Every structure is written in structure tokens, then in C-alpha cells.
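Trainee: Please see the structure below; I have some questions.
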Amino acid sequence: MDEAHGSVIKVSGPLVVARGLTGARMYEMVRVGEARLFGEIIEIRDDDYSIQVYEETEGIGPGQPVWRTGEPLSVELGPGLIRSIYDGVQRPLDALQKDFGDYVVRGAERPALDRTRQWTFSPAVRTGAEVATGDVLGTVQESKLVLHKIMVPHGKTGKVVKIAPVAGNVDTEIAVLETPKGNISITMVQRWPVRQSRPVARKLMPTFPLVTGQRVIDMFFPMAQGGTACVPGPFGSGKTVVQHQLAKWADAQIIVYVGCGERGNEMTDVLMEFPSLKDPSSGEALMERTVLVANTSNMPVAAREASVFTGIAIAEYFRDMGYSVALMADSTSRWAEAMREISGRLEEMPGEEGYPAYLGSRIASFYERAGNVICLGSDKRRASVSIIGAVSPPGGDLSEPVVQATLRVVKVYWGLDDKLAFARHFPAINWLASYSLYQDIVDANADSQIAVDWSEIRTRAMALLQQEAELEELVRLVGVDSLAADDRILMQTARMIREDFLHQNAFDDRDTYTSPGKQYNLLSLILHYYDHARSALENGASLDNLMKLTILDEVARAKLIPEEDRDQFDHLKRRMTSDIRALLPNA
Amino acid sequence: MAAIAREYRTVRQITGPLMLVEGVEGVTYGELTDIKLTDGGIRRGRVLEVSGDMALVQVFEGTSGLAPQDVKIKFLGKGLEIGVSQDMLGRVFDGFGYPIDDGPSIIPEKYLNVNGNPMNPYARDYPNEFIQTGISTIDLLNTLVRGQKLPLFSGSGLPHSRLAAQIARQATVLRTGEKFAVVFAAMGITFEESEFFVADFRRTGAIERSVLFINLADGPPIERLSLPRTALTTAEFLAFEKNMHVLVILTDMTNYCEALREISAARREVPGRRGYPGYLYTDLSTIYERAGRIKGKTGSITQIPVLTMPEDDKTHPIPDLTGYITEGQIVVHRGLHAQGIYPPVDVLPSLSRLKDKGIGEGKTREDHADVMNQLYSAYARGKEAKELAVVLGESALSEEDILFVKFSDAFENRLVCQGEDENRTIEESLGIGWELLGMLPKGQLKRVRDAFVEKYYPKP
């Protein structure tokens, strides 16, 4: 890489134009200038190659050298990904800090997978086995939670002529394949171009819920494994807390968290908090299943554009091993703005609000990389990638292009509402505006596995919330006292659904996660009040007494009942029945 | 970069603050230039774009009075740098770091590029140390922590300058034995505003541990673009090399953004919302994200940017994009100001995102979080009842509503309102909080744990 291939002719911010790179392809990676900055070819016109540079270009000028690498922007995949924190082009931020100091300096480079770490490889096939792309050759215990499967790389087929248990770093040869083109050596590491989706045998419809432990999500607007969701909301409405909660509690086996153009301190929060949090199903630290990609807002904008692809390529790699993977991208608006900025520098014809005309197709092709699939490989393992993208619309205006382009492709919409956030109702997911198109899948599962009337109570609760919204209009005009008695009970129940069920404190140790079973108990307890209070009212009980039942204070605290004491809900229900019966005139 | 400085007389075009120079060689992006005028005067500029043998140069002091044939331009072979030193404390500088207070020039300890490098997220330490500002609405309800960036969202004619000055004065006297500094960055503010700060810093002696960077409203707009970067480079030096806790006040970010728009328009870039460039978010983030703490270092940078929202509109691109980057906001409210309440902080839309990690036992007091939540919810309820009374008349309010209305009035007059020189400890603020909660029956305090109600609820 010492002889330069071409030279710079123009520099404008992160956009550099070079000449003399004959033979270079679109999206090939190049190194620019004496500082050897990372860049990617994004336009070719005759002999002029436009390069988006991932680092600050100060000091670059015409005449400086440009080197080709012959390869598109790619990620390194192999043991060592878990627990890592990368920037948008997969540079390991921990190693950079160790070797280059507290600031990310230009041209700094370290291998994405640590070459000093030792891994133990156990074979899963024997010599003589015929293998093809995606077949698992063996495994490496990468972290307490993740058994890393070493697969036959893309496009390779052959007979295993050598394989044995070995220990060594990721570059260690673990097997030799005999192919028609001669023998090839397989190591623990492979590379993949990030802008290309990793192939699968077949895509399937999502069939299982992705349980998140968040009541408003699991009960009312559920997510499916392999599905897509978006969380739009103005600043201060709690997007990042929602994303963090999902990264913590979603029952996926692998979490890829992409901090795309957001705050540095938020990534620090994740880094400091995750190692101390325990996964509810395995009891291990959450960090043991997490990969972080952090390209904060002040880091170079071109690397921000790449960060989303880096994240999804890593997610797909773990999916190919047969895992259910969830990817959180916070925030896709910053990603879209990075596209806009680069497009502006290329002097492309702008579409809506200055965004490039291909905004919609880029967003769609990103979300399309989610899915429930049958992986390549002879064992036909099933796996999924779910994508949850945060969107930060300017001024909270949902008609802007990024939100609209996103809503056209995602199946779940959790609309955050700043009015709810001001009232300190978190998560501030607006229950009247949000939707999930996976409701049927989740209902089918929950009705058979949790409770037969899961979907029924959900529908009833939602209807109460809708009626409350209508009644509220009326209350605003005429005051609450003029409502009919049964409407007062309805208002009271809806308030309980809001405050005692939907409201969930992410910072409370016990409230932060609620299992679907307990969610059902809680909501059914609230509806139990509604049914009994209404019938008591018809039988002559006084409204005042029904509204002031002391047991309601216990319902308000029921969300803090520990998961293991769920029989308390039955006690509460029975006591509520008798307390209400005691209010009847003939009692 | 070429070592020799090169001089050219080949300016071909002048548009707004931009100059196009032809036939240049070895010029690099971001390089600084000296522009020599025929009368011997020198202006400074920076390369914005270089293409072949043409360089587009942005002139910092503006191009008025320049003629292409008269100008000699020299490329200096380096980016915008500032010489920093601990002796900068107590001094006043312009946006490029040149002293403007008639004092001696600074002997730099080192030269630093003003653009800095992005802090490695892995190197950051989480901000969780409480800063006492002595202002109840901040300390008690929107707690500021070291390393946070918390802007004041204000409007024209509101007392944000007085509030910022009060924070600067009071926030820096916490524990003994720690070194504090204030870096004050003023962009495009008027002489009167600037004089207010300087006089206030002098009056209280704060000037001794402050570095002031001032660009007045009649100064060159382009200086406004480099000023916050110069100021933050100085702050980083003081914080991470001299182990100081630095509070940076940036005022007024609206002027900064207007200057950015002015340059963008002159370059004929595709405008984003309201004519601001599409990269406004990225640009602002390279300023705001320079707040923080670093693992293993004693010092910290805390930022209080001040911005005046055009038409008090929070959805305007400047406050909107700021809010997406900063860790919360303190909203200064016109209605409260009109009621004569100082500081007129509207606590409902205000927020400190990092407060949860900076409060509680060992940091402030065990009951802080509960008291805060309870005050919020009671105040919100009172405000709601008041709105209802406007529509339906006071007679429509229930007894409970009337109690909350009284509470919210007392909240504004007793807790929000305080003197400009009144420096309340967190204990005092919590005390006022409990005094207000004492107006409500114990049964209404649903967000406070029973043990704290027992311990702190005012005894009759």
C-alpha cells in the first residue's frame, strides 16, 4: 500500500475528489492524504472519484496521495465482537483510547478483533465431511452467554480435510477445505461488506413475540422477533430511555446497539450500566450479549452514515449462527441527516427538505434487512433480526420526510408524546396514536401460553382508554361532576390503566421489567375492579364509596409485587370482590 | 503541508465574506491565511474549499473595502490554532484568542487546534457529581451535574443574562481544595450585555478565575464561528491539563447560528429548515459535545449555553437541534417574568436528563428524588386546575383543586422566586420544598416514601 494510486484534486469538508484511481469501484475504501484518512468512493465521473472521508479533512489539499484498498467498507466478523464498543467504521474505541489517548485522532487504526485474545475452538464436524456456505464447522465460547459458531464463509463449498480442536487468536487456522479450486484455509475470522445484506436460505413471516418487559409495549403494541419498529418523538420525550430499556430487557439472544449521532454521555451510561445489569432469563450480565456501535454526534459525519450498516452487518452475522438478534438504532434521523449532508456536498438535486431523493429507498432497504429467516447451512436453523429505530423529527413534526419514509416500512409505531413526558408519564408512548401490526401473532401466542383471555382483556382495556379520551372532551366543557355514575367508574378505571399499568418507572429496580404473566395479572386486576364496581353500582352501591375504596391504593402498588409472589394478585382480586360486595345496600 | 508560506495576488472573485484565489499550489483544506491590504492592514481567513489550483477563502473580518487587485494573500500552512496558558485566567480575548484588554500578550504553554478532536466515548466518565448553583429551580428540580451541558432556553427581553451570571457566581464555590474556572464565551452580544457580565465578574471577584472571550454585535460574524471553539479549547486545556472544574457559559447561541447561516448562504449551499444549513445539527454538536469528564482526570467541563428562542418558539431549529444534543434544558418563561418572579424558570418544560445520577443519599439528600417528583406533580396539578378555572370559573373547582391552586401559587412565590444574590444550599431548597408539601395533607403525598413523610413532613 506504499505507492499511491492517485491524488487529490479537490477538498470540501468531508468530500474529497481524487484522480488516477483507475479501476476503483463504487464504495471501495481508500486512504486519503499523508494522514491516511479513511474514505469511501461514492461517485465516479470519468476519472474523477468522489470520496467521502470518515475523518476531519483539515490539512488535506490537492496533490496529496490517495491509496486504494481494493475492498468495499467491510466489517471483521469473529469471536471478540461481544462486549466490544466500535465507532461507525468498526474501529475499537477501547483499543484506540489505550493507544491514542482520550480523543479520537485522525488516521488511528487498530484491528476490530483483538489479536491478543486467545480462543478455544471445538470442532462440530469431522474430517471428510462435505460442507457448504453457512455450515457450522465448530464453536468458540465467546462469553458466558454466547456460543460463537464458526461458519463456512460465503461462497465456499468443499470437503473438510483437516479440522481439530485448537487454541489461538482469531487468525488461527481451524480447518482446511478441499475445493475444486484447491485447498483453502479457514480461520475464525471473516470479512463482510457492510452495505450488502448477508444471504439467507429463506425469509419467513414473523411468528414469535419479542418480549420486552415493558407493559405498554408487550400488552398493547407488541413487537415480533424479526419485525421492525420505530420510536419517533420530540426531544425530551424519552426515546433513548425506551431504546435503553429494550436493549436491557428484550428477550433477544444478542443485542446490537447503534448510537448514531447521539450524545457521548449516553453511550457512557450504557457502558457503565450494562455490565452491572442482569439478564432476567439467564442471570448473567447484559453486556455478555451486547455489541455497541457508538458514533456520537461530534464524530465524523460520514462514519455516522456508515454506522447503521456496520451495526446491521454484525447483527446479521449473529443471526446466521441461529440467534435471535435485536438491533437498536438511535437515532435514524441523524443517519438520514448524514446522508443529506453528503448529498449536499455532492451537489445532488435535493428532494424534500434538502434530503436526497433516495432517502426513502435507503431507509426501506435498511429496515428490510430485518426478518425471521431460515439460515444458510444444512441444519436449516431458524433465527431473526429485529430492528427498532428511533426517529428524532425536528420540532416533533411527524410530517417530515424521515418519519414518513420510516412509517411506510415499519410494522410497529410507538409514538412518543411530549405532553405525556411533561406530565412525567413514562414511557410516554401515546396509546391512542401508536399501533402494531404484529398484534395477531402475539395474541395467538399469548392466548395459548399465558391466559386464554389475554387478547380479550387487552381489547377491553384499549376500548376504555378510547372512551376516556372522548369523555375527557366532555369533562373539559362541563366538569367531571356532571358525568353519569357509570362514566365516572369508567374514568376511574381508565386512570388506573394509565397510572397503575401503562406508567412504568425505568429507574425502579422492580418496575423496570414486568413479565407478560404479571402484565396480564395486573391488567386483569384493574378490569376486575371495573366489572365489579359497575355491577355494584347497578345494585345500588354508592358511587362515592366505590371511588374511594382503600384497596385501590394497593392496586396502585401492585406493579411492585415481585414476580415470584404472583399469587398475591389472586388474593387482591378476592379481597376486592368482597370489599365491593360489602358496599351493597343489603350487605 | 508545505513548510514555506506562499503569497498570491490572484484573487479573482469576492462574494460576501468569501474570496476565490486562483493559481495556488499546495494549499490544504482548513488552512489559515493572512490577507494583506494596500494600507498595511491584515485580515485573517481560512480555506473553505480547495479545488485544483483554486482556493475558496473565508475572510474573518469581512470583505468590505477589499478590491481583488489590491489584495495579497498568504497561506500559513496550518489550521486555526490558539496558544493556551494558565495565565489566561482573569483576561479578555477576541474570538481568535488575541487579548483585547490592554494587558500583556500571553506566553503560550502550547498551541492547540481550535477544532479539537472528538472525545472517545469509551474515555468518558459519566457525569454524576452534583453542582450546587444556589438556585432552587435548578438544584432541587433540574439538578446540574459536572460534565453536563444544560442550556437556558430564553427569549428576547428576559433575564437570562442575570441568571447565567448568578449561576457562574454561585456554582463555583462548592468544596474547598478544588480548582474552579469560568470560561465565558460571548458571541454577538451587545456592549451593554457584555459590560453587565464583565462588571458582575469584577464586582464579585469572579474575574480572577475567569477567561472571557468576547465578540460584540458589531464585530465580524465569522469571528462568532471560531469563538466558541477557541473558548472550549481553552476550557479543555484548563480542565484536562490543569485539573480544573470549568464552567463554560456560551451566550448567545442564536447569534452563532445566524452567523453560520450567513456564511452558508454566501456559499450558496442547499438550505435546510428556515434557511439554516443542513449540517447545523452536526456543527452544534461539535460545540456542545465538548462538555464532559474523562476517566482518570480530575477536571471537568460543564456547559451552560444560553439561547434566545425566536418568538419564544421551542420548535425553531436552534432550540430544537440544541435540545436534541444537550442533556435537558432550563426554560425561562415570559409569563412568570411578567408576574415579577425572578428567576422566571418554568419548571414543567424544564428538564435535566442527568439529575437522577446526581441526587440522593451521599450526593444531596435521601428524600431528594421523592420530593422533586411530588413537587412536580402537585405543581402540574395546580396549574391544570388553574386552567380549568379560567374556562369554567373558580366556582367549578373542587375543594381539592383549590388547595392545589394555592399550592402552585406558593410554589412560584416561595420556591421559584429568589433573590439575585440569594445562594440557597440544597438543604434550604429541600426545606422550602417540604414547607410547600406541608400545605397538602399527608395522604396526597403519593410519590414520597412513607419513611420520608414521617421524617420530614412539617410538624404543626
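Trainee: Counting alpha carbon pairs within less than 8 Å and at least 6 residues apart, what relative contact order, in whole percent, applies to chain B? Let's see the in-between values first.
Mentor: Working: 931 pairs, mean separation 74.2, N = 460.
After rounding, I find 16 percent.
Trainee: Additional query: For residue A:435 and residue A:564, FRET efficiency with R0 = 30 Å and r from the beta-carbon atoms, rounded to 0.05? Spell out each step's value before the answer.
Mentor: Working: r = 34 Å, r/R0 = 1.13.
For R0 = 30 Å, the calculated efficiency reads 0.35.
Trainee: Now for a different question. Between helix A:332-345 and chain A, what is the angle of the helix's C-alpha long axis to the longest principal axis, kept within 0 to 90° and rounded to the nearest 10?
Mentor: It works out to around 40 degrees.
Trainee: Evaluated at 4 °C with a viscosity of 1.567 mPa s, what Stokes-Einstein diffusion coefficient in µm²/s does the protein assembly as shown have when Rh comes from the Kirkwood expression over alpha-carbon pairs? Intermediate results must be reported in sequence, preceding the final value.
Mentor: Numbers: Rh = 31.2 Å.
Calculated translational D: 42 µm²/s.
Trainee: Distance in nm between label sites at residue A:495 and residue B:363, each 7 Å beyond Cα in the beta-carbon direction?
Mentor: Result for the modelled spin labels: 3.3 nm.
Trainee: Based on a Kirkwood Rh over C-alpha pairs, give the Stokes-Einstein translational diffusion coefficient of chain A at 4 °C and viscosity 1.567 mPa s in µm²/s.
Mentor: Details: Rh = 26.3 Å.
Here the translational diffusion coefficient equals 49 µm²/s.
Trainee: Would you order B:257, B:417 from fewest to most other beta-carbon atoms within 10 Å of each residue's own beta-carbon? Write down the numbers at each step before the final one.
Mentor: Working: B:257 23, B:417 19.
Fewest-to-most Cβ neighbours within 10 Å comes out as B:417, B:257.
Trainee: Tell me the relative contact order for region B:82-357 as a rounded percent, counting alpha carbon contacts under 8 Å between residues six or more apart. The partial results should precede the final answer.
Mentor: Working: 570 pairs, mean separation 76.2, N = 276.
Rounded, it is 28 percent for region B:82-357.
Trainee: Can you compute the modelled spin-label distance between residue A:35 and residue A:173, with each label point 7 Å from Cα toward Cβ, in nm?
Mentor: Placing both labels 7 Å beyond Cα along the Cβ direction yields 4.1 nm.
Trainee: For region B:368-456, rounded, prolate or oblate, judged on the Cα gyration tensor with a ≥ b ≥ c (square roots of eigenvalues), a/c < 1.5 rounded, else prolate if a/b > b/c? Numbers along the way, then the final one.
Mentor: Values: a/c = 2.72, a/b = 1.37, b/c = 1.98.
Oblate shape, in that a/c is at least 1.5 and b/c is the bigger or equal ratio.
Trainee: Could you please rank A:465, A:527, placing first whichever residue has the fewest other Cβ atoms within 10 Å of its Cβ?
Mentor: Working: A:465 16, A:527 20.
Least to most surrounded, the residues fall as A:465, A:527.
Trainee: Based on the Cβ-Cβ distance from residue A:166 to residue A:408, what FRET efficiency comes out when R0 is 45 Å, to the nearest 0.05? Provide the component values of the computation, followed by the final result.
Mentor: Working: r = 49 Å, r/R0 = 1.09.
Efficiency, rounded to the nearest 0.05: 0.40.
Trainee: Here's another thing I want to ask about it. 5 Å is the cut-off here: which amide hydrogens, built 1.01 Å from N in the peptide plane, fall below it relative to residue A:415, excluding neighbours closer than 5 in sequence?
Mentor: Close amide H contacts, sequence-distant or interchain: A:430, A:434, A:435.
Trainee: Exposure proxy check: B:401, A:218 ranked by fewest other beta carbons within 10 Å? Could you put the intermediate results ahead of the total?
Mentor: On the way: B:401 18, A:218 23.
Fewest-to-most Cβ neighbours within 10 Å comes out as B:401, A:218.
Trainee: Once the Cα atoms of helix B:191-203 and of chain B are each reduced to a long axis, what angle between those two axes, in degrees from 0 to 90 to the nearest 10, is obtained?
Mentor: 70 degrees
Trainee: Under the Karplus relation 6.51 cos²θ - 1.76 cosθ + 1.60, θ = phi - 60°, what is the ordered set of whole-Hz ³J(HN,Hα) values for region A:397-413, x standing for Gly and Pro?
Mentor: After applying 6.51 cos²θ - 1.76 cosθ + 1.60, I find 8, 6, 8, 6, x, 5, 4, 5, 5, 6, 4, 5, 10, 7, 9, 10, 10 Hz.
Trainee: Could you check the spin-label model distance between residue B:389 and residue A:157? Points 7 Å from the Cα along Cα→Cβ, value in nm.
Mentor: The modelled label-to-label distance comes out at 8.2 nm.
Trainee: A further question on this structure: Quick one: helix A:485-496 against the long Cα principal axis of chain A, what's the angle to the nearest 10°, folded into 0 to 90?
Mentor: Tilt of helix A:485-496: around 30 degrees.
Trainee: Tell me, in nm to one decimal, what length is gained between residue A:531 and residue A:282 on full extension, where the rule is 0.36 nm per residue of separation less the Cα-Cα distance? Don't skip to the end; give the middle numbers.
Mentor: Details: separation 249, 0.36 × 249 = 89.64 nm, distance 3.85 nm.
Taking residue A:531 through residue A:282 to full extension adds about 85.8 nm, to one decimal.
Trainee: Residue by residue, what Karplus-based ³J(HN,Hα) values in Hz, rounded to whole numbers, does region B:414-421 have, using 6.51, -1.76 and 1.60 with θ = phi - 60° and x for Gly and Pro?
Mentor: Values per residue, Gly and Pro as x: 9, 8, 5, 6, 7, x, 5, 10 Hz.
Trainee: Net charge around residue B:291, counting only other residues with Cβ within less than 11 Å of its Cβ (Lys, Arg = +1; Asp, Glu = -1)?
Mentor: Numbers: positive: A:263, B:124, B:146, B:149, B:290, B:293; negative: B:236, B:289, B:327.
Net charge around residue B:291: +3.
Trainee: Let me ask something else about it. Roughly how big is the protein assembly as shown's charge dipole about its Cα centre, with Cβ charges of +1 (Lys, Arg) and -1 (Asp, Glu), in debye to the nearest 20? Display every interim value, and only then the final one.
Mentor: Working: 116 positive and 141 negative charges, 463 e Å.
Charge dipole, the protein assembly as shown, about its Cα centre: 2220 debye, nearest 20.
Trainee: Something else: What does the structure give for B:16-29 when I average, per residue, the other chain Cβ atoms found within 10 Å of the residue Cβ? Kindly include the intermediate steps, with their values, before the conclusion.
Mentor: Details: counts 0, 0, 0, 0, 0, 0, 0, 0, 2, 3, 4, 4, 12, 16.
Per residue, the number of nearby Cβ atoms from other chains is 3 on average.
Trainee: Right, here's the next one. Please state the relative contact order of region B:368-456 as a whole percent: Cα pairs under 8 Å, 6+ residues apart? Each step should come with its number before you reach the end.
Mentor: On the way: 60 pairs, mean separation 34.6, N = 89.
Taking the mean separation of contacting Cα pairs over the length of region B:368-456, I get 39 percent.
Trainee: Could you work out how far the C-alpha centroid of region A:220-261 sits from that of region A:1-51, in angstrom?
Mentor: What the calculation gives is 37 Å, centre to centre.
Trainee: Given the C-alpha centroids of region A:371-436 and region B:374-444, what is the distance between them in whole angstrom?
Mentor: 38 Å
Trainee: Pop the C-beta distance of residue A:348 and residue B:457 into the FRET formula with R0 = 56 Å and round what comes out to the nearest 0.05.
Mentor: 0.30
All of the numbers you see were taken from the coordinates with simple rules; none came from a lab. Here the structure is a predicted model, which means the values were calculated and not measured. Don't worry about glycine lacking a Cβ; one is built from the backbone with ideal geometry, like all the others, and counts go over all protein chains shown.
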